[in-house]
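Undergrad: Below: one structure in structure tokens.
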Amino acid sequence: MAASPEQFRGQARLPRCASPLSYDLRLRPDLAACAFSGSAAVAVAVSAPTRFLVLNAAELAVDGSSDLVPSEVVQFEEDEIVVIGFGQDLPIGEGVLKMDFTGTLNDQMRGFYRSKYEYKGESRNMAVTQFEAADARRCFPCWDEPAFKAKFKLTLEVPSELVALSNMPVIKETVHGPLKTVYYEESPLMSTYLVAIVVGLFDYIEGSTLEGTKVRVYTQVGKSNQGKFALDVAVKSLDLFKDYFATPYPLPKLDMVAIPDFAAGAMENYGLVTYRETALLYDELLSSASNKQQVAITVAHELAHQWFGNLVTMEWWTHLWLNEGFASWVSYLAVEALFPEWNNWTQFLDETTSGLRLDALAESHPIEVDINHASEIDAIFDSISYDKGASVIRMLQSYLGAERFQKALASYIKKYAYSNAKTEDLWAVLEEESGEPVKDLMTTWTKQQGYPVIYAKLDGHDLHLEQAQFLSDGSSGPGLWIVPITSCCGSYDAQKKFLLKGKTDKVHIDLTASQNAGGEKGENCWIKLNVDQTGFYRVKYDDELAAGLEKAIKANKLSLMDKIGIVEDSYSLSVARKQTLTSLLRLLNAYRNESDYTVLSHVCLGIDKISVDAAPELSRDIKQLLINLLLSAAKTLGWDPKEGESHLDVMLRSLLLIALVKLGHDETINEGVRRFHIFIKDRKTNILPPDTRKASYLAVMRTVTTSSRAGYDALLKIYRETAEAQEKSRILGSLSSCLDKDIVLEALNFMLTDEVRNQDAFYVLGGISLEGREVAWAWLKENWDHVLKTWPSSSLISDFVKSTVSRFTTEEKAAEVSEFFAGKTKPSFERALKQSLERVRISARWIESIRSEPNLAQTVNELLQHDM
């Protein structure tokens, strides 16, 4: 028999000999002292002989007692566990463990924390929880793993004037002078990471689903009208998901709350979803069209989790993608149904693109990752779990067909409701319902990292296909996939589908349909693989096929998704040195008459940035080529909104003006500055609506220097005067875009002041100009200890590393960065650092390759002449 608590150290997971059935929790937050105390009575089932109860606790002082008196209570802080030892083995069966504990309401946006807000001109604290992934243990001692589902009954003691919310509805409140005690209904079985508490001053608005479920949006006092749009999306999404999953919403109510300090975008706590303000609030006069879209997608994503994640929960964090990939995919399904005019599935390719870009790194990871310590979990909340996860689900749905797929999902939800599932459980249900080899097919996509590039070569009537793992560094990995290949030839009417199971295969293609009467190859003679980009792979066409597709783009024969796929694949193949930048520029020229938002958002690639380092003498001309590509669409739209124009045109205006400013187009910059001057004299003017403000702010920052800084000061004044989070984020993202290094430094130092919430640092980091990269790196080195202390969470600290390191393009810089971080690396940002260094080295090789392209200057010149 184990004699000592020491044996439980260094384990990935808690022992299984005892598990919680229900928690009775009482919490008393003290908002003035920034502390809390609490007590827990946990019904525990002991299923195997043990004299220890081992559970999670971090940054808490814990006292334990139970029906039997414990002989010792030992906490191991680095393992985040508390071991409660007894003199003899605990009896098999149920008992009650009682604990008292105290902790700090921290300012790190995790566990039980405080968030600042203004009320009647004074600053106050609210108390908020954020437990995913492994931070419930910072609020109360618990079995803090998703598979230990239990029922939760909460009681809160709070100041009587405050609103106190939790997952379940309030049963009763009793007031004792300045304090009140609030009792909540017991929850159904759920995981600890979904427990939630919010205590503060709020207004709310309310709606109701067709089934009669009450839905509320809580906002800061005076902002409740900004919750209307999210409320409408929420009510309709709940109705839609109830039908899609063929299962009613599992709880009696749903609350959504805007929190001023919030590390992620939002969190799907069961029945009490928390959001950062920019992800929940929408104001007709102050928000942009892209803000509106972001709110809709985020709300739909979090509400999808109420089924996929909360009702059925992943068994362990290895299967995180089951939560996030599915919620991402299904949020697009919901928003497409609610707002068909947004062309949402085409915009979904933004997700696929970011998944493909990250997964082309050697330092990527499989969708399913082994997790051996709580500190590793945060790092996998990334583009692989979300975007690749969602994209392979779209690929599978498109292979199986929408109806079969939906029926199988409904069966899966019913089968695993109120319990936990692994990836294999989902494949088994899908296989059973569809009769297709789902497990074999999908295992190749979730258990190994990366994805293939398919080389396509036409030989007579045979299309030869060969797969190889695609890596941005130009090498080829060992991976092999079962690839759902789709193709069409000359038209979308007859599509072929098959599974590529080996390294190579060939397909017979009937070319007669795509030839003109004289048997010559006309503009309909094109072959497109991966129709509408439903597959998670890239395609490299031989020269003949590529030329056919270029003609088809010019003749406007291809779908929006296929136009996006071709340009994205071509850009990535160029980065990997599998084709030249010269050929990429020729291809881009075929998009000159494009006027669709979804396509043009993918055409504004990073070519201008790489050209500054690779070919400084051509950089200006390459920027001019890109300006020419966007200018006619920009001129058509202009700066001013037009009566009755579409949502996508509003998005496009903003996209084009920002791109033109960043490319240094003088006319656009001057107009942006002109409008800004009118705007600062009269904020009520309609000369600068929210959709064009970012372009104008960036234009202003391009004209600012240390000796002429009025524009910077004017933006700071707006920042200080506005109460709107979306407006603040627009300004923060512009300040660091200045071409003057000293101003960039000033913006970075401003980010460290208490005028900028820690959650908003990434806006400043994301805006850093190419001219500011050296000063930003020097600044990070100097402030590293402070940064690490202030932003301990993985996603936030990773932003600092990625934003400053990834912009470099030389081997020397990569070596310097590696040297600085030697001995400083922590699990929270290790993956981000390795990926950033890999990106720097990929850029360095790409630059070398661009410098040796013989026809680049000549091609740029020809294309410019052509534009005149």
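The values are calculated or read from the model by the stated rules, or taken from the named source; none is laboratory data. As the structure is a computational prediction, the values presented were derived from the model and not from experiment. Here the Cβ positions follow ideal geometry from the backbone for every residue, glycine too, while neighbour counts run over all protein chains shown. Ligands, DNA and RNA are excluded from the accessible area calculation, which covers all protein heavy atoms including side chains. Shrake-Rupley method; radii C 1.70, N 1.55, O 1.52, S 1.80 Å.
Undergrad: Using a simple charge model, +1 on the beta-carbon of Lys and Arg, -1 on the beta-carbon of Asp and Glu, nothing else, what dipole does region 782-868 show about its Cα centre, in debye to the nearest 20? Don't skip to the answer; put the middle values down first.
TA: Values: 12 positive and 13 negative charges, 90 e Å.
The calculated dipole for region 782-868 is roughly 440 debye.
Undergrad: Whose amide H sits under 5 Å from the amide H of LEU189, counting only residues 5 or more places off or on another chain, with H placed in the peptide plane?
TA: For LEU189, whose amide H was placed from the backbone, there are no distant partners under 5 Å.
Undergrad: Going by amide H atoms built from the backbone, whose H comes under 5 Å of the H on MET314, apart from near neighbours?
TA: Under 5 Å from the amide H of MET314 lie the amide H atoms of ALA421, each far enough along the sequence or on another chain.
Undergrad: Only four residue types carry charge here, +1 at the Cβ of Lys and Arg and -1 at the Cβ of Asp and Glu. Report the dipole size of the chain about the Cα centre in Debye, rounded to the nearest 20. Working shown, then result.
TA: On the way: 92 positive and 118 negative charges, 145 e Å.
Rounded to the nearest 20 debye, it is 700 debye.
Undergrad: According to a simple spin-label model (label point 7 Å from Cα along Cα-to-Cβ), what is the distance in nm between GLU424 and HIS866?
TA: According to this spin-label approximation, the distance is 5.5 nm.
Undergrad: Which one is right for this structure if mean projected area of the Cα convex hull in nm² is calculated from it: (1) 37.7; (2) 66.7; (3) 43.2?
TA: (1)
Undergrad: Could you tell me whether region 642-790 comes out rounded, prolate or oblate from its Cα gyration tensor? Rule is a ≥ b ≥ c as square roots of the eigenvalues, rounded for a/c under 1.5, then prolate if a/b exceeds b/c, otherwise oblate.
TA: Working: a/c = 1.80, a/b = 1.61, b/c = 1.12.
Prolate is the answer for region 642-790, as a/c is 1.5 or above and a/b outweighs b/c.
Undergrad: Among LYS551/LYS635; LYS388/LYS557; LYS684/LYS802; LYS506/LYS609; LYS180/LYS717, which pairs are too far apart, with a Cα-Cα distance over 32 Å? Please list the in-between numbers first.
TA: Values: LYS551/LYS635 25 Å; LYS388/LYS557 28 Å; LYS684/LYS802 38 Å; LYS506/LYS609 39 Å; LYS180/LYS717 41 Å.
Over 32 Å apart, Cα to Cα: LYS684/LYS802; LYS506/LYS609; LYS180/LYS717.
Undergrad: Now for a separate question. How large is the dipole of region 1-199 about the Cα centre if only Lys and Arg carry +1 and Asp and Glu carry -1, each at its Cβ, rounded to the nearest 20 debye?
TA: On the way: 19 positive and 26 negative charges, 79 e Å.
For region 1-199, the charge dipole is close to 380 debye.
Undergrad: Follow-up. Between helix 741-751 and the chain, what is the angle of the helix's C-alpha long axis to the longest principal axis, kept within 0 to 90° and rounded to the nearest 10?
TA: Result, in degrees: 20.
Undergrad: Let me ask another. Students often get this wrong, so check it: of LYS98/LYS153; LYS236/LYS407; LYS149/LYS214, which have C-alpha atoms separated by over 19 Å? Mind showing how you got there, number by number?
TA: Values: LYS98/LYS153 14 Å; LYS236/LYS407 21 Å; LYS149/LYS214 25 Å.
Cα-Cα > 19 Å for LYS236/LYS407; LYS149/LYS214; rest within.
Undergrad: Region 80-145 to region 311-342: how many Å between their Cα centroids?
TA: 28
Undergrad: Please work out the average accessible area per residue across the chain, using the 1.4 Å probe convention, and give it in Å². Let's see the in-between values first.
TA: Numbers: 32720 Å² over 868 residues.
On a per-residue basis, 38 Å².
Undergrad: Would you mind telling me the share, in percent, of accessible area of region 312-449 contributed by carbon and sulfur at probe 1.4 angstrom? If you can, show how the numbers build up before the last one.
TA: Working: 2120 of 4380 Å².
For region 312-449, the apolar C and S fraction of the accessible surface comes to 48 percent.
Undergrad: Now for a different question. Once label points are set 7 Å from the Cα along Cα→Cβ at both ALA337 and LYS214, what is their separation, rounded to one decimal in nm?
TA: For ALA337 paired with LYS214, the spin-label model returns 2.6 nm.
Undergrad: Something else about it: Between ALA379, PRO366, PHE339, whose Cα lies farthest towards the positive end of the dipole of region 312-449 when Lys and Arg beta carbons carry +1 and Asp and Glu beta carbons carry -1, centred on the Cα centre?
TA: PHE339
Undergrad: Rounded to whole Hz and in sequence order, give me ³J(HN,Hα) for region 491-502 from the Karplus expression 6.51 cos²θ - 1.76 cosθ + 1.60, θ = phi - 60°, writing x for Gly and Pro.
TA: 6, 8, 5, 10, 10, 9, 9, 7, 9, 8, 9, x
Undergrad: With the Cα gyration tensor of region 35-159 giving a ≥ b ≥ c as the square roots of its eigenvalues, does the rule (a/c under 1.5 for rounded; else a/b larger than b/c for prolate; else oblate) give rounded, prolate or oblate?
TA: Values: a/c = 2.36, a/b = 2.28, b/c = 1.04.
Prolate.
Undergrad: Return the loop-located chymotrypsin sites (Phe, Trp or Tyr not before Pro) in region 762-868 (DSSP other than H, G, I, E, B) with at most 13 other Cβ atoms within 10 Å of their own Cβ; answer none if there are none.
TA: Working: sites: PHE762, TYR763, TRP777, TRP779, TRP784, PHE800, PHE808, PHE820, PHE821, PHE829, TRP846; in loops: PHE808.
The qualifying sites: there are none.
Undergrad: OK, next. Rounded to a whole number, what % of the accessible area of region 1-199 do carbon and sulfur atoms account for, probe 1.4 Å?
TA: Details: 3940 of 7800 Å².
Carbon and sulfur: 51 percent of the exposed surface of region 1-199.
Undergrad: Per the helix-only calculation at 222 nm, which mean residue ellipticity applies to the chain, given -39500 (n - 2.57) for every DSSP H run of n ≥ 4 and division by its residues, nearest 500 deg cm²/dmol? Before the final figure, lay out each step's value.
TA: On the way: 28 runs with 357 residues, N = 868.
It lands at -13000 deg cm²/dmol.
Undergrad: Suppose we take every Cα in region 685-747 and form the convex hull; what volume per residue is that in Å³? Provide the component values of the computation, followed by the final result.
TA: Working: hull volume 5.1 nm³, N = 63.
Taking only Cα atoms, region 685-747 has a hull volume of 82 Å³ per residue.
Undergrad: Sticking with this structure for a sec: Work from the charge dipole of region 312-449 (Cβ charges, +1 for Lys and Arg, -1 for Asp and Glu, about the Cα centre) and give the residue of THR313, GLY401, THR352 farthest towards its positive end.
TA: GLY401
Undergrad: In region 638-699, what percent of the accessible surface is made up of carbon and sulfur (1.4 Å probe, ligands and nucleic acids excluded)?
TA: Values: 1420 of 2770 Å².
On region 638-699, the fraction of accessible area on carbon and sulfur atoms equals 51 percent.
Undergrad: Further, regarding this structure: How tilted is helix 402-416 with respect to the longest principal axis of the chain? Cα atoms for both, answer in degrees (0 to 90, nearest 10).
TA: Here the helix axis deviates by roughly 20 degrees.
Undergrad: Sum up the charges of everything whose Cβ sits under 14 Å from the Cβ of ASP462, counting Lys and Arg as +1 and Asp and Glu as -1, but leave ASP462 out. Working shown, then result.
TA: Working: positive: LYS457, LYS496, LYS506; negative: ASP459, GLU466, ASP505, ASP510, ASP542, GLU544.
Cβ neighbours under 14 Å give a net charge of -3.
Undergrad: Return the sequence-ordered ³J(HN,Hα) values of region 422-429 in whole Hz as given by the Karplus equation 6.51 cos²θ - 1.76 cosθ + 1.60 applied to θ = phi - 60°, using x for Gly and Pro.
TA: For region 422-429, the Karplus-derived couplings read 10, 3, 4, 5, 5, 4, 4, 5 Hz, x marking Gly and Pro.
Undergrad: Between LYS789 and TYR204, what is the label-point separation in nm under the 7 Å Cα-to-beta-carbon projection?
TA: Here the answer is 4.0 nm between the modelled labels.
Undergrad: Report, for region 1-199, the % of DSSP beta bridges that are antiparallel, rounded to 5.
TA: Values: 68 of 75 bridges.
Just about 90 percent of them are antiparallel.
Undergrad: Where a ≥ b ≥ c are the square roots of the eigenvalues of the C-alpha gyration tensor, would you call region 253-353 rounded, which needs a/c under 1.5, or, failing that, prolate if a/b is larger than b/c, or oblate? Numbers along the way, then the final one.
TA: Working: a/c = 1.86, a/b = 1.20, b/c = 1.55.
The shape class here is oblate.
Undergrad: Mind checking which of THR810, ILE847, GLY823 is farthest towards the positive end of region 786-868's charge dipole, using Cβ charges of +1 (Lys, Arg) and -1 (Asp, Glu) about the Cα centre?
TA: GLY823
Undergrad: Still on this structure: In terms of modelled amide H atoms, which long-range or inter-chain residues lie less than 5 Å from the amide H of SER22?
TA: ALA43, LYS151
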